[in-house]
Every structure is written in structure tokens, then in C-alpha cells.
Amino acid sequence: MAGVPAEEPMPGYMQLLSTAPSVILDAYRNCQDCGISLSVQTLLDHAYLTPTEIILFFLCVVMWTSLRWALTCHLFVPFAQWCRLHPKDVGKMPESAWKLIFYTMSWSYSTYLLFFCNYGFFHNPPSVFYNWKSGMPVPMDVAIAYLVQGSFYGHSIYATIYMDAWRKDSSVMLLHHFITLALIAFSYAFRYHNIGLLVLFLHDINDILLEFTKLNVYFKTRGGKNYVINDILSSLGFLGFGITWFCFRLYWFPLKVLYASFITSLQSVPSIPFYFFFNALLFALLLMNIYWFLFIVQMVLKVLTGHLKGISDVREYEENEDQESVKARRHDSGNRRTGEGNHMQNGIGKKHQ
């Protein structure tokens, strides 16, 4: 962007951890003087969200929900059945196919804005607050990205409850959608759209690789046959998923986004509305990223120790399926140890019939 100062070097973890506490403490002590306290008056003075934008948001939520329903009924499910997927995978495949299409589109657009337009926020994160003013206009291309992403997460809250397969981390995923939607809405209303664009870019690529991996897991076995190509693609996808998760969400996100939001923001704009609230949401997002990274490490350890023969559902397991799988293995092991136990079980089964 024209007139933007030279790029500032990206800090390290130690610089972030050593600097952030003192900066936050100073901001808290001076909150009454610099106007960054959380209050209704601050909300009324600095939030800019028109009725037209709110109406467009809800219309797009309905649009995403309707589009997903139509694609699921008329494309995804018929295709999964034509490929002769396992019945349980026929129910899961549409969710991953839908998300893969959306996140590929959204990440491609944010990549275009950050690397092919005049937005140098990735290479110079402190610039997200250069020339910031309350109520400043949002560029149309960034406003489109916000409308698309915000309405999609509004749809995702509904979809997680009523459309997606319920998994053991679905409650955390639901919390993630609420926090993400709050971040999108507040960052747009308070004109923190520059840093919001950077946050979206750093998160969407992992969802692309996640859904790509899950689709290949579902397609590994179809029509009663195992397909090696899908097994290889699922392993490569999972490897890329784990690497990009660490690089984008656990390395670049804290060192680019959190450092700019917590520290350099106050150097550029001494008076930042909702400083603590907005940064608390970003920090909560980091904690959830760490939480899900533990799932990734857990799966890697299970594969390496032989508890899993290959990549399964990379986001999480369904609790019921996992428990049933354990029970089935114990049952088969018991049958192999003694034929008499198998005979007794068959006899009990006949009595119940």
C-alpha cells in the first residue's frame, strides 16, 4: 500500500511472551485515559454496521444453507451412492465435499487479496493498524470477503447442530463457530478488517486439507474393494494438514496476528475500542487451535504405535464408533482364544430369539 512504512521483522515466541504481559498491563492501567474500556458507549461510538449489511448477512446464511441442501440431495449423496461407499460414509461424505468446495474458494480469494492486491499484511503484520480510524470505509473487495465468510459461519452454527454428523469435538466446533462469527462481526464493525483478513487466510488452508483427507478416507473402501490411491492421498493430505496446522495456526498466527493485535496495535493507535475483548477472542481461538493440534498428535501416535493401521477421521472419532470398534476387537480376540465361548454366545442368542 502506498505510504506504508518499511516492513518490521517478525518477532519470535520469546519476544511475544516477554513483551505481551507488560504491554497488556500498561493498557489496563491506562484504559480509562485512552478509551479502550468495554462499555455500551464505546460500542455506540465506534461500531458501524448498517441495516442493509445485516439483512445481506441473513440472506446469505439462508443461501448457503439452501445451496448445501441442494448439492447434498442432488449431487453429493447420489455420487456417493454411485461410488458404492459404505452407508455410514455416504452420510458423512456430503459434509466434507461441501466444506472442501467452500474453503477452497474462500482461501483462494483471501490469498488473492493478500498476495496479488495492495494488501501487504502477511509480510508486514503491524501495517494492519496503519492509518486506522474509527468508522473508516471498508474496501469493497474486503467487504465481500467478510460477507461471504461471516454468513458461512452463521450457516455453520445451524449446520453443526442440524446437518453435520455429531462428533466428539462438535461442542468445541460449535464454540469455535460462535467465536469466529463474533470475531468477524466485531472486526468488521470496528474496522479491524485488515487483521481479520489475515486471520481468515491463516485458518482456511487447514480446512481444505482436512476435508480433502477425510474424503479420501471415505473413498478408500468402495464397492467392497480397497483403493490404494485414496489411501496414499489420505496419508499425504494428513501430513500436509499437520504441517500447515503448526505453521499457519501455531507459528504464524501468534507471531503475526497476536503480536500485531496485542502489541504493535497500541503503538500505531493509542486509543483502540474493545482492545481487551477483541484480543480475548483471538487468544481463545489460539487455545482451540492448540486443543485440536493435540488430536493430530494423538492420531500420529496411534498410527506409529500400531493402534491404527492407517488414517481414519482426522478431526476426531465418533465416540460410539470408537467404543464399538474396541468392543468388536475384544470380542474377536475372545472368540479366537476359545471356541467354547463362541458356542455359548450363539446359544444365548438363540434363546433371546
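The values are calculated or read from the model by the stated rules, or taken from the named source; none is laboratory data. Note that the structure is a prediction, hence the values are computed from the model and not measured. When we count neighbours, we look across all protein chains shown, and the Cβ atoms used for this are built from the backbone with ideal geometry, even at glycine. Just the protein is used for accessible areas: all its heavy atoms, side chains included, with ligands, DNA and RNA removed. Shrake-Rupley method; radii C 1.70, N 1.55, O 1.52, S 1.80 Å.
Could you please let me know if Leu49 is outside any helix (DSSP H, G or I), at pLDDT 75 or above and open to solvent by 30 Å² or more (accessible area, probe 1.4 Å)? In short, yes. The listed residues are Ser96, Ser127, and the only one of them that is touching a Lys or Arg at 6+ places or on another chain (Cβ under 7 Å), modelled with pLDDT under 95 and in a helix (DSSP H, G or I) turns out to be Ser96.
Considering only residues in segment 265-283 that are among the polar types (S, T, N, Q) and at pLDDT below 85, the one that is least open to solvent (accessible area, probe 1.4 Å) turns out to be Ser265. With respect to Ser261, is the statement that it is surrounded by 20 or more Cβ atoms within 10 Å (Cβ to Cβ), in a helix (DSSP H, G or I), at negative phi and modelled with pLDDT of 85 or more true? Yes, satisfied. For segment 64-82, the set of residues classified as among the aliphatic types (A, V, I, L, M), under 22 Å from the mean Cα position of the chain (by Cα) and surrounded by fewer than 14 Cβ atoms within 10 Å (Cβ to Cβ) is empty. When each of Tyr112, Tyr130 is tested for being touching a helix residue (DSSP H, G or I) at 6+ places or on another chain (Cβ under 8 Å) and hydroxyl-bearing (Ser, Thr, Tyr), the lone residue that passes is Tyr130.
Within segment 154-173, if we keep just the residues that are at pLDDT 90 or above and within 13 Å of the chain's Cα centre (by Cα), the residue that is nearest to Trp69 (Cα to Cα) turns out to be Ser156. The selection criterion, being touching a Leu at 6+ places or on another chain (Cβ under 8 Å), within 30 Å of Ser271 (Cα to Cα) and among the hydroxyl-bearing types (Ser, Thr, Tyr), does not hold for Ser134.
Of everything listed in (1) among the small types (Gly, Ala, Ser); (2) assigned to a helix (DSSP H, G or I); (3) surrounded by fewer than 19 Cβ atoms within 10 Å (Cβ to Cβ), the single unmet condition for Ser134 is (2).
A single entry from Tyr103, Tyr109, Tyr153, Tyr119 fulfils the requirement of being farther than 23 Å from Thr72 by Cα, in a helix (DSSP H, G or I) and not charged (D, E, K, R): Tyr109.
Within segment 285-306, residues that are within 25 Å of Leu175 (Cα to Cα) and modelled with pLDDT of 85 or more reach partners that are of a type in the set (Lys, Arg) and surrounded by 16 or more Cβ atoms within 10 Å (Cβ to Cβ) with beta carbons closer than 6 Å, at six or more positions or on different chains, in the pairs Asn289/Arg249. Of all residues in segment 267-287, those being part of a helix (DSSP H, G or I) and over 21 Å from Tyr188 (Cβ atoms) number 2.
Scanning segment 159-186 for residues that are under 16 Å from Ser96 (Cα atoms) and open to solvent by 40 Å² or more (accessible area, probe 1.4 Å) yields Ile161, Tyr162, Met163, Trp166. Whether a residue is part of a helix (DSSP H, G or I), out of contact with any Phe, Trp or Tyr (no Cβ under 9 Å at 6 or more places or on another chain) and open to solvent by 50 Å² or more (accessible area, probe 1.4 Å) was assessed, and Leu233 does not pass this test.
Tell me, please, whether a residue that is in contact (Cβ under 8 Å) with a residue 60 or more places away in the chain, open to solvent by 40 Å² or more (accessible area, probe 1.4 Å) and under 17 Å from the mean Cα position of the chain (by Cα) can be found in segment 204-219. Yes, some residue in segment 204-219 is in contact (Cβ under 8 Å) with a residue 60 or more places away in the chain, open to solvent by 40 Å² or more (accessible area, probe 1.4 Å) and under 17 Å from the mean Cα position of the chain (by Cα).
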